[in-house]
Structures are given as structure tokens and as C-alpha cells.
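Notes follow the structure.
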Amino acid sequence: MDQAFLIQFTGSMAAVAVLVGLAAWARIGRPAPGLDEARARDLLGEDFPEQRIDQLWIAREGKGALARSGACALVLVQVGDGYAARRLSWCQATSAMFRNGLLDIRLGEVAAPRAVLAFDNWPPADLAA
């Protein structure tokens, strides 16, 4: 084999390896920042600008939130590197199954069948009637 060919082949292989590594690194999503009350209110306000938030509870570790807005519940759940928001009846949210610190709310959608939020207790002690 010609030495020039070997050098060119080795250089090309190194360049391809660098490009494959760069492409793999670029697809690594950064995790969504945890929610605090201000960020949860901002995100819910973007999706539901007409809804006034009466009460808001942030899930443990900031991976979701549940808000009461009159007779509606606004649910915010972490999906990948972002958040998805859904609106449902408050009755549906309060009657959701709570077991082992997880509130399992059935949303009934194909794209988002359920939202699972981690709370210390449910319903919370500060729940207004």
C-alpha cells in the first residue's frame, strides 16, 4: 500500500470519528431546570393566559406542579427537557389516586395518558374548600 494513501485514510477515519462524536454529543439534551413557584406560574400563564391561579403546589424535586383555578385544575408535568400543561376538572384532580407519595392523574389523552406528581401528602393541608 502506498504511504500517502495510508495517511489519507487514517486522517479521514479520524475526521469521521470526530464528526460522529460531535453529533452524538449535540443530541444529549440538558435536563429541564426544576420548577419553583414563579417558573410554574409563568409556564401555566403561557398555556392558560385566561386562567387565574388560586392555589399552586409544586411537586417534590420540581418535576411538576398542580394549580387550582376555580373549578379547573392545571397540571404541569416534566416531559423530556420541557414541560407539558393540561387542564382538567378540579374534581378529577382531587379524586386521583394517591399512593406511595405519588398522585396519579388520568388525563385520558393518547399523547398524555396520565400525569404522575410526587407530593408528600394529598390533598394538602392548605387546600381551600
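Here are some notes:
- Output for segment 98-120, where each listed residue is over 19 Å from Ala71 (Cα atoms) and without any contact (Cβ under 8 Å) to a residue 12 or more places away in the chain: Arg99, Asn100, Val110, Ala111, Pro113, Arg114
- Restricted to segment 50-129, the set of strands (runs of 3 or more DSSP E) holding at least 2 residues that are exposed (fewer than 13 other Cβ atoms within 10 Å of the Cβ) comprises 82-89, 97-99.
- Contact map, segment 81-96: residues that are more than 15 Å from Asp54 (Cβ to Cβ) and modelled with pLDDT of 90 or more paired with residues that are charged (D, E, K, R) and in a loop (DSSP other than H, G, I, E, B), Cβ distance under 8 Å, separation 6+ or inter-chain. Pairs shown: Arg86/Glu109.
The values are calculated or read from the model by the stated rules, or taken from the named source; none is laboratory data. Computed from a predicted model, the values in this text were never measured in an experiment. Glycine gets a Cβ as well: all are built from the backbone with ideal geometry, and neighbour counts include every protein chain shown.
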